[in-house]
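Take a look at the structure set out below.
The values are calculated or read from the model by the stated rules, or taken from the named source; none is laboratory data. Bear in mind the structure is a predicted one, so any value in this text is a computation, not a measurement. Please note: Cβ atoms are built from the backbone with ideal geometry, for glycine as well, and neighbour counts cover all protein chains shown. In case anyone asks, the SASA skips ligands and DNA or RNA and just uses the protein heavy atoms, side chains included. Shrake-Rupley method; radii C 1.70, N 1.55, O 1.52, S 1.80 Å.
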Amino acid sequence: MTETSTACGRLLVDTRDNLFTRAATLVADTVAAAPPGRPPVIAFAGGSTPQDWFRWCATTRALPATVAHGAHFTVSDERHVPTDDPQSNFGHADRLLLDPLAVPAAHRHPWPVNLLPCAAAENYRATMRSVADSVRAYDLCFLGLGDDAHTASLFPGSSLLRDDGEALFAAVEVPGKGWRLTITPTGLRACGLIVVMALGAAKAPALARVLRGHDDLPNTPAQILKTCADRVLWLVDAPAAGLLA
Ligand code: 6PG
């Protein structure tokens with residue numbers, strides 16, 4: 001295991017199982033550190049990487065039962081599809097982790113994809129205001145890293161990278177991908193801790209661009225994390241870190 005500092009946050013390089021264990025520990029620690037009477041809000045990342053971690057948590061029972069009733073759960077971005085759609089980020093979290101953990105329905109907060117995108121974002125903002133600390137977006141925000149260096153649904157060229165209107169959460173139409181619902185740059189800066197998990201050699205070029213490349217936010221959206229680097233932890237395996245030397 002190696003841990004170094006970068007302009008985008010602390011970088012931890014380790015084996016997949018050790019990284020999965022660390023991620024589970026961060027969830028449990030977030031619940032344990034929460035003030036009485038205000039369960040923290042934990043947002044999982046979308047995409048496929050979290051699904052392996054969800055299955056690992058369910059199989060290894062890495063998350064204690066106290067977590068199930070000790071936090072509110074959501075996803076840091078969502079495709080505008082029904083939660084029973086195979087593309088739904090919350091749908092995967094529901095089926096692979098929240099159901100096995102028996103998380104109460106009142107602690108599950110999918111984006112309201114039954115509403116039109118902008119109405120869904122507004123409704124979600126109201127929900128998060130009601131469950132989160134007044135100044136927080138999420139207490140713990142998991143993110144992934146796309147091969148094009150996007151994170152959440154902040155894709156290259158996204159208008160949200162230029163101006164998100166100080167909104168914590170927004171709806172954005174992504175060329176070729178349809179409508180997405182996502183935490184914004186302002187929302188990321190309002191999180192307690194941000195954990196980016198990137199695994200596998202396919203992530204190496206994007207990770208090198210983000211952490212070692214020149215500043216190019218419009219084309220390297222994950223560099224937005226430079227603006228909140230003090231609260232960012234990257235969990236990366238050796239293949240994904242392969243071009244960082
Ligand atoms: C999404 C995501 C996205 C994802 C990355 C990494 O909805 O697709 O939130 O930002 O985290 O694209 O995805 P993988 O884990 O599948 O590589």
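Quick one: which of GLU78, GLU3 is open to solvent by 40 Å² or more (accessible area, probe 1.4 Å), closer than 24 Å to ALA229 by Cα and assigned to a strand (DSSP E or B)? None of the other options fit; the residue is GLU3. Selection of the stretch 86-101 for residues being assigned to a loop (DSSP other than H, G, I, E, B) and either touching a residue at least 40 places away in the same chain (Cβ under 8 Å) or open to solvent by 10 Å² or more (accessible area, probe 1.4 Å) (or both) yields PRO86, GLN87.
For THR83, indicate whether it is of a type in the set (Ser, Thr, Tyr), surrounded by fewer than 23 Cβ atoms within 10 Å (Cβ to Cβ) and in a loop (DSSP other than H, G, I, E, B).
yes
Condition test on VAL13, is it open to solvent by less than 20 Å² (accessible area, probe 1.4 Å) and either of a type outside the set (Asp, Glu) or closer than 30 Å to ASP216 by Cα (or both)? So VAL13 does not fit the description; no.
Listed here are the residues, each with its yes/no results for (1) under 18 Å from the mean Cα position of the chain (by Cα); (2) among the charged types (D, E, K, R); (3) in a helix (DSSP H, G or I).
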| residue | (1), (2), (3) |
| --- | --- |
| TRP111 | yes, no, no |
| ARG125 | yes, yes, yes |
| MET128 | yes, no, yes |
| TYR138 | yes, no, no |
| GLY146 | yes, no, no |
| ALA149 | yes, no, no |
| PRO156 | yes, no, no |
| LEU161 | yes, no, yes |
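Of all residues in the stretch 119-146, those that are touching a residue at least 12 places away in the same chain (Cβ under 8 Å) have Cβ atoms under 9 Å from Cβ atoms of residues that are hydroxyl-bearing (Ser, Thr, Tyr) and surrounded by fewer than 16 Cβ atoms within 10 Å (Cβ to Cβ), 6 or more apart or on another chain, in GLY144/SER48.
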